[in-house]
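S.K.: Sharing a structure below in structure tokens format, with a few things to ask.
Values in this text are rule-based calculations from the coordinates and carry no lab data. These numbers come from a predicted model, not from an experiment. For neighbour counting, all protein chains shown are included, and Cβ atoms are generated from backbone atoms with ideal geometry for every residue, glycine included.
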Amino acid sequence: MSEIQQATPHVKKNIFLIHLLLALTLYCFDFFFLQANPGQKTVVLAYALALAATFLPFYFLDQGVFEKVRFQYIVFSMDFVFLLSGLYLFNHFDTNLLILIFLTFFISALSQSVGRSLFVAIAVVALYVYLIYDKSDVFNYLDPFLLLSCALLIVVSVHSGYLAFRTVQEEKEIAEWARKARLLSEKVKEGDQMAMEYAATLKNVLDSLPIGAIAVSTDGTLFFVNARVGKILDLNPKTLTNTYLFKENALREIGETMAKSLKDRRELKREYVDLVWNNRPRRFRLDSGPGTTPSGKVWGTLFLLVESVRPAEASP
């Protein structure tokens, strides 16, 4: 019974099995009615064909359609219509049976479980048998219509119990998704706060470094340049902020070296750049490393810039 209550991925199979049990019960009603009324062959055949046509959706529709509870309501309504129309056509529109069918439907729906709905079905079947026994002078417990009526009550109970189970489960899933979304939003807010605190700390540390530090985002944009870079290059660090490395910029050959490093995904170790800067030849050393937050998320690359002495200048 636990297998029939698995919501996914067996919803289509579960609904098909319940619908099949109902159809077999109604076909048995159809057969015994035909035996007693051979002249109603056309009506019996038309009903049988219409009932067979209800299995077409199980062939043409995929699993995702059956997972929607609204579609299961449609299937249940269709089954209920065929049940009542069958009882009417087969002259089995018994008041006690109709009352117990509706009673079974509501109690099983309240149980919200296929397992508990079976206990409901047993109790209702016992009550129905007692009512028939109390009203009959000669009670035949092998009467096919009596047995089929009991089977019908059991199928209705299972059908409504499973429908209620799926409805409650979908509501629980929606509530769970809402809870997870709320928790995720809270974690994002906490992460944003940590990132802001980390960025402020990182800015203070980089500003206090005795060497130049340039922070570049993953897309190649300079979003932080410390004061030391301004002193080394005789530039205002603010003019370099938001500069895109892959376009012409004030860093010239230094920026090209950094851009090539990002493009090739290669860290710079003792990379020297010789150029004429402010009308005199100068040599700069570049080193780089990946920049990450405390949580390990990569935010870009950190380049370190210092001025180096040319070999010719270093010799006496």
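S.K.: Got a sec? How would T292, T243 order by Cβ neighbour count within 10 Å, fewest to most?
M.R.: Numbers: T292 12, T243 19.
Ordered from fewest to most neighbouring Cβ atoms within 10 Å, T292, T243 come out as T292, T243.
S.K.: Assuming 0.890 mPa s and 25 °C, estimate D for the stretch 209-314 with Stokes-Einstein, Rh taken as the Kirkwood radius over Cα pairs, in µm²/s.
M.R.: On the way: Rh = 14.1 Å.
So the translational diffusion coefficient is about 175 µm²/s.
S.K.: Dipole magnitude of the stretch 3-182 about its Cα centre, charges +1 at Lys/Arg Cβ and -1 at Asp/Glu Cβ only, in debye to the nearest 20?
M.R.: I would put it at about 580 debye.
S.K.: What nm distance separates the two modelled labels at D134 and Y244, each placed 7 Å from Cα along Cα→Cβ?
M.R.: 8.7
S.K.: Report D for the stretch 3-182 in µm² per second (integer): Stokes-Einstein, Kirkwood Rh on Cα pairs, 25 °C, 0.890 mPa s. Present the calculation step by step, with values, prior to reporting the outcome.
M.R.: Numbers: Rh = 17.5 Å.
Translational diffusion coefficient: 140 µm²/s.
S.K.: Another question, if that's okay. Would you mind ranking D134, D207 by Cβ crowding within 10 Å, fewest neighbours first? It would help to have the intermediate numbers written out before the result.
M.R.: Numbers: D134 8, D207 14.
Result, fewest neighbours first: D134, D207.
S.K.: Still on this structure: Hey, which of these cross-link pairs are over 32 Å Cα-Cα: K231/K263; K12/K135; K231/K260? Don't skip to the end; give the middle numbers.
M.R.: Details: K231/K263 28 Å; K12/K135 41 Å; K231/K260 24 Å.
From the list (K231/K263; K12/K135; K231/K260), the Cα-Cα distance tops 32 Å for K12/K135.
S.K.: Moving on. Among T301, T42, which comes first, then next, by fewest other beta-carbon atoms within 10 Å?
M.R.: Working: T301 22, T42 8.
Going from sparsest to densest Cβ surroundings: T42, T301.
S.K.: Enumerate by residue number the GluC sites (Glu not before Pro) in the stretch 217-267 meeting two conditions: DSSP loop (anything except H, G, I, E, B), and at most 14 other Cβ atoms within 10 Å of the site's Cβ. Walk me through the numbers before you get to the answer.
M.R.: Details: sites: E248, E253, E256, E267; in loops: E248, E267.
Answer in residue order: E248, E267.
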